[in-house]
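**Student:** Let me give you the structure first, and then I'll get to my questions.
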Amino acid sequence: MSRGGRINALLLLAVAALAVLPLALGLGEGEEEPFAGADAQAETAVTENDPDYEPWFTPLYEPPSGEIESALFALQAALGAGVLAYYFGLHRGRRQGATAVAADGGAGAGTGTGAVTDGGPGDATAPVPGAVGGPGPDPGPGAGGGDGPRP
């Protein structure tokens, strides 16, 4: 098994252990809601410490049941995972594309003629000074590298 395969197997075992160990060890036994979320536990703690506490805000939408609330949370998590997967996939594709161009020796990159045409009939292409692959501006006589004859 390759090193990457061993790492993936260990990560999978760690995730399974995090899911199974609390159940196997009996954590949360004797509680009304053994595996309540942090929000519910915080609400319980605040209510025990200060029974007259008034929340500053109220939720914009209160789902009619816990199942709908869980479904909305799962949908939110799935959308977030999709956005992250798109982001990482996009950047991996860009990196692989850049690696492929570098492996080809840059062939095909920047080989434009520097000419612009509107595609009309009888339209001659005109070089664009400073364009990639174009001749660029003529620095004038004696400047060296110009398109004209040298004195």
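**Student:** Can you compute the FRET efficiency between residue 47 and residue 17 using 1/(1 + (r/R0)^6), with r the Cβ-Cβ distance and R0 = 35 Å? Round to the nearest 0.05.
**Tutor:** 0.55
**Student:** Using the beta-carbon distance between residue 68 and residue 8 and R0 = 35 Å, what value does 1/(1 + (r/R0)^6) give for FRET efficiency, to the nearest 0.05?
**Tutor:** For R0 = 35 Å, the calculated efficiency reads 0.50.
Taken together, the values in this text are just the output of simple stated rules run on the coordinates, not laboratory data. Predicted model only: the values in this text are computed from it and were never measured. Positions of Cβ are backbone-derived with ideal geometry, glycine not excepted, and every protein chain shown enters the neighbour counts.
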